[in-house]
1. Give me the pairs: first residue in region 194-206 and without any contact (Cβ under 8 Å) to a residue 24 or more places away in the chain, second residue part of a helix (DSSP H, G or I), beta-carbon distance under 7 Å, and six or more apart or on different chains, which are they?
2. Return yes or no: is Ser212 modelled with pLDDT under 85 and either in a loop (DSSP other than H, G, I, E, B) or more than 30 Å from Gly59 (Cα to Cα) (or both)?
3. Has region 112-131 got at least one residue that is open to solvent by 80 Å² or more (accessible area, probe 1.4 Å), at pLDDT below 85 and either of a type in the set (S, T, N, Q) or farther than 23 Å from Gln208 by Cα (or both)?
4. Residues in region 221-230: is at least one surrounded by 14 or more Cβ atoms within 10 Å (Cβ to Cβ), farther than 30 Å from Asp122 by Cα, touching a helix residue (DSSP H, G or I) at 6+ places or on another chain (Cβ under 6 Å) and touching a residue at least 60 places away in the same chain (Cβ under 8 Å)?
5. I'd like the full set of residues that are among the hydroxyl-bearing types (Ser, Thr, Tyr) and within 14 Å of the chain's Cα centre (by Cα), limited to region 101-159.
6. When you scan region 231-266, how many residues do you find that are assigned to a helix (DSSP H, G or I) and either modelled with pLDDT of 85 or more or open to solvent by 60 Å² or more (accessible area, probe 1.4 Å) (or both)?
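The values are calculated or read from the model by the stated rules, or taken from the named source; none is laboratory data. Predicted, not measured: the structure shown is a model, and the values here were computed from it. Every residue, glycine as well, gets a Cβ built from its backbone with ideal geometry; the counts of neighbours run over all protein chains shown. Areas reflect the complete protein model, heavy atoms only, side chains present, ligands, DNA and RNA absent. Shrake-Rupley method; radii C 1.70, N 1.55, O 1.52, S 1.80 Å.
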Amino acid sequence: MFSTIVQKWRFLLIRRIRDYFTWQLFKHFIGIIIGSSVVSVSINTLIIPNEIADGGVTGIAILLHYLFNWPVSWAVLFLNLPLFFLGLRMVGRDFLVFSIVGVAVLSATLSLTAHLPALTHDTLLASISGGVLTGIGMGLIFRSRGSLGGTDILAVLLARTTSFSVGQILLGIDAIIFLCAALLFGPEVAMYAMIYMFIATRVVDLVQEGLSVSKSVLVVTSQPQRIAEEIIEKLERGVTLFQATGAFSGEAKQVVYCVINRSELSQIKEIVRNYDPQAFVAISEVPEVVGEGFSSWKGH
């Protein structure tokens, strides 16, 4: 009887562990490890050797390293601990768990890469290259549902008790860090830091959204069926038709909507022009499309 109960609980425990540690979760952790490693290499081989400031808790840790020669890896870990404690009940469990994992891995990789030689002593080149590397690493972390905690958690907490948004609070914190860097080490340090942060932010967006920018096309036309059929036949793209009403005229309108690749834009313009030269066409960029004919859900 007792052995049967033990076997049952063992089976349930194994199944729960197996369900939790899925392949998707494993890929998230691998992404966080790779991303944190790239960020650490950037900090230790480009940012610190050239005395460039950074934003967030990592930026504070780097300033403390410049002032007191404290190891950045330990400073990052200890500065985040009270923020994790504060966010224990006020942010989502998944966000907190992945933040803890991200900070722990970043701290470990910062320590492991601390003795790597500087890649360059040209401060401008280091700002640009560091921004690219850090952006790639951060983008991989964010795509893996990770976070480096720190000021992200603080911003969420303050946003709930003030009238400021999370983005405004993060911007304000970084501005204070850069001001401190300018006062302590001179304005050039803050200027290079802004170059570094701007590039890193742009690269993060590219990594998260992808380089393949698609186009969404919205056509208000009197020939919706013919245009839709032509798009389906020639471009092999899905098309959506829906009804609309002109606000000024009160007339019923037909709208054609589809998403295409950049290279197909000239073809769809020609199709619309051939069937309805008076059509109203609105074209906009779509950073990422998931679905048939575009990217799949794998990796999302």
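1. Qualifying pairs under 7 Å: Met194/Phe178.
2. Working: modelled with pLDDT under 85: yes; either in a loop (DSSP other than H, G, I, E, B) or more than 30 Å from Gly59 (Cα to Cα) (or both): yes.
Spelling it out, Ser212 is indeed modelled with pLDDT under 85 and either in a loop (DSSP other than H, G, I, E, B) or more than 30 Å from Gly59 (Cα to Cα) (or both).
3. Looking through region 112-131, none of the residues is open to solvent by 80 Å² or more (accessible area, probe 1.4 Å), at pLDDT below 85 and either of a type in the set (S, T, N, Q) or farther than 23 Å from Gln208 by Cα (or both).
4. no
5. Of all residues in region 101-159, those among the hydroxyl-bearing types (Ser, Thr, Tyr) come to 107, 109, 111, 113, 120, 123, 127, 129, 134, 144, 147, 151.
Answer for region 101-159, where residues must be among the hydroxyl-bearing types (Ser, Thr, Tyr) and within 14 Å of the chain's Cα centre (by Cα): Thr134, Ser144, Ser147.
6. Taking region 231-266 as the starting set, the residues that turn out to be assigned to a helix (DSSP H, G or I) are 231-234, 262-266.
If we keep only those that are either modelled with pLDDT of 85 or more or open to solvent by 60 Å² or more (accessible area, probe 1.4 Å) (or both) too, we end up with 231-234, 262-263, 266.
Total meeting the criteria: 7.
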